[in-house]
1. Of B:Leu67, B:Thr333, B:Gln232, which is farthest on the positive side of the dipole of chain B, counting Cα position, with +1 on Lys and Arg Cβ, -1 on Asp and Glu Cβ, and the Cα centre as origin?
2. Using only DSSP helix segments of four residues or longer, with each worth -39500 (n - 2.57), what per-residue ellipticity at 222 nm results for chain B after dividing by its residue count and rounding to 500?
3. Where in chain A are the helices, taken as whole DSSP H runs, whose Cα atoms extend 30 angstrom or more along the long axis and whose Kyte-Doolittle mean reaches at least -1.0?
4. What does the C-alpha gyration tensor say about the overall shape of the protein assembly as shown? Classify as rounded when a/c is under 1.5, otherwise prolate if a/b is larger than b/c, or oblate.
5. Please give me the summed charge of the neighbours of B:Asp250: other residues whose Cβ is under 14 Å from its Cβ, Lys and Arg +1, Asp and Glu -1.
6. Going by a ≥ b ≥ c, the root eigenvalues of the Cα gyration tensor, does chain A fall in the rounded group (a/c under 1.5), the prolate group (a/b larger than b/c) or the oblate group?
7. Of all accessible surface on the stretch A:108-251 at a 1.4 Å probe, what whole percent is carbon and sulfur?
8. Under 20 Å Cα-Cα from B:Lys86, which aspartates and glutamates qualify once same-chain neighbours fewer than 8 residues away are excluded?
Amino acid sequence: MNPRRLTLILVPYLWLLALFLVPFLIVLKISLSDTAIAIPPYIPKLDLSTGWHGITAFFADLDFENFVFLAEDDLYWKSYLSSLRIASISTLLTLLVGYPIAYGIAQAPEEWRPTLLMLVILPFWTSFLIRVYSWIGIISNEGLLNQALISSGLIAEPIQIMNTTQAVYLGIVYTYLPFMILPIYSALDKMDVSLTEAAIDLGCSRRQAFWLVILPLSRPGVIAGCFLVFIPALGEFVIPSLLGGSDTLMIGKVLWEEFFSNRDWPVASAVAVILLGILVLPIMLFQRNQERQQETDR
Amino acid sequence: MAQPQPQNVFAPWADPAEKPLIRFEGVTKRFGDFVAVDDLNLDIYEREFFALLGPSGCGKTTLMRMLAGFENPSEGNIWIGGQNMKGIPPNRRPVNMMFQSYALFPHLTVWDNIAFGLRREGMDKDRMRVRVDEMLRLSRLEKFAGRKPHQISGGQRQRVALARSLAKAPKLLLLDEPLGALDKKLRQDTQFELMDIQEKTGTTFVIVTHDQEEAMTVASRVAVMDHGKLVQVATPAHIYEAPETVYVADFIGDVNIIEGTVIPAQGNRVDITYAEGKPPIRAATDKTLVPGQRVSFAVRPEKILVSREMATERTNAVKGRIEDIAYLGNISTYHVRLDSGHLVSAQMTNRNRLERREFTWEDEVWLSWTETAGIVLTE
């Protein structure tokens, strides 16, 4: 292999090594340590000045205590399960909202499509935090939605939406919608229009043509969109802590509290390592989906 | 070779008692201000292999899409098998279409692609299996039944598309540029295959093409279209030998067009003056022409003889100089500049080997043709 090519390949690997693998190994190391009142707040610390002896002593002090603790305290596995449930349901809801929008854009006249796509991406121009905060202004008991419903006489008492799991669903669906729409749109957009016509020509109604041809062919886009929503939603911290209140149990929130409220870095790191372990499976499935799609596209 | 008896000739269009399978009745199609099809009347008969031929944008594809039901006429009626197609959606027409892009369903195997239409019909499993296998055999795809469309070659995909559109045994099959994506050699083989399948199944085929050679090869009749109108509808031989307009003559095959004015002569003959001080071209015609009328004389290159000496047995003979020779192996086309300045092409079979060729560049030659070699056109 010539050196130029080697350099080219090396760059992304060095990037991953420095910014993913090394930090992960540090987190893994912290998760095997014990908490301590110190800076940083854990022991043991690697002391290279004592040579080989220091290294062996360091490794001897690492243990799986934190993982045992996580398994024994039901708060943690309940949080994991709750996160999985919330992430799955919100992914499904995002799909139900996102697919019709993506389909609508793909069916729109060609000159409208860039504008419509722009509108989908436009919210990214505002800070994510501000957008989540503004939802509080809409759905809180004194918020715009309740005010409008009360003044129109539809309800007498404000509906409690803030600080419920529903508010978290709303927040996740709203925030991650573009990640669902874009891959589905791209799958629908490159589809040959004559495929629908061929299906109709062979005896399908429009609806049958959709279920038998368009939906199966947009499956790679659907799968990609679902993973792009599910993976970040699983570890989501901002939305449940701002909109979900204290009742919503999500692992991202637990992680944050361990780190900043308890200053228990080792347990927090163990929580993060397990979260990554849970995500490995969907990420691998996502990879396989992408690869298979590339094969059929060829 | 024995000449076929007249009663065996397939020419339902010539029989006034015959009922057409398809009838276009004053059909107009507008897209906004653009008139794609303009007040068109046309009958197509059962078992015909009918070609719609024309440049892109002439309305041929729109005409086909109206038959399939994907477009509705702005005015007029389309009848298929005696039934008015107004308001009948594509999935309820006795018509199937083979798409230019083939539109094979990429997520289904070859077998399932062919079975797709039969499933929608609710055909029972055993009959369906028999039918699909029959279509696989017809299109020589038995070995590929389990493959997905992206795992087979372009020619095989083309055959799957054909098999799929024929599986439901439609009264009418529409083919939109069916061979456009194939290379030349494969296209020629496939043309004969198409004709063979059309004959075996007895289906009426309507084919849209911009390739005049393809239309000539496969079709029983050809309709030449231009700007949403039919310019001429006739058998390939008739279109070639007796085009009605300069447009048709020019569109089908190569032709020399020489413009001139008419001097009537005896019998069904005219003299056409095309250049000062040159003897006029004498041509046979049925048309009644007035003296001094502007006409175009059209003559095909292969009808013109190239010779060293003046060929006295032919009525028309002109002198010129060879400007260019296009050698095509079996034939050569000579571009000859006449003394009058006209450039005329003439085609000769290469009976001798190349090194013993009779003529070469800059040679003075005589071009000659008979009275009936060309035709006189007024449009």
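The values are calculated or read from the model by the stated rules, or taken from the named source; none is laboratory data. Small disclaimer: the values here were computed from a predicted structure and weren't measured. Don't worry about glycine lacking a Cβ; one is built from the backbone with ideal geometry, like all the others, and counts go over all protein chains shown. SASA here: full protein model, heavy atoms, side chains in, ligands and nucleic acids out. Shrake-Rupley method; radii C 1.70, N 1.55, O 1.52, S 1.80 Å.
1. Result: B:Leu67.
2. So the calculated ellipticity at 222 nm is -6500 deg cm²/dmol.
3. Counting only whole DSSP H runs, the qualifying helices are A:74-107, A:165-189, A:265-297.
4. The shape class here is prolate.
5. That sum, taken over residues with Cβ under 14 Å, equals -4.
6. Because a/c hits 1.5 or more and a/b fails to exceed b/c, chain A counts as oblate.
7. For the stretch A:108-251, the apolar C and S fraction of the accessible surface comes to 67 percent.
8. A:Glu197, A:Asp201, B:Glu25, B:Asp38, B:Asp39, B:Asp43, B:Glu71, B:Glu75
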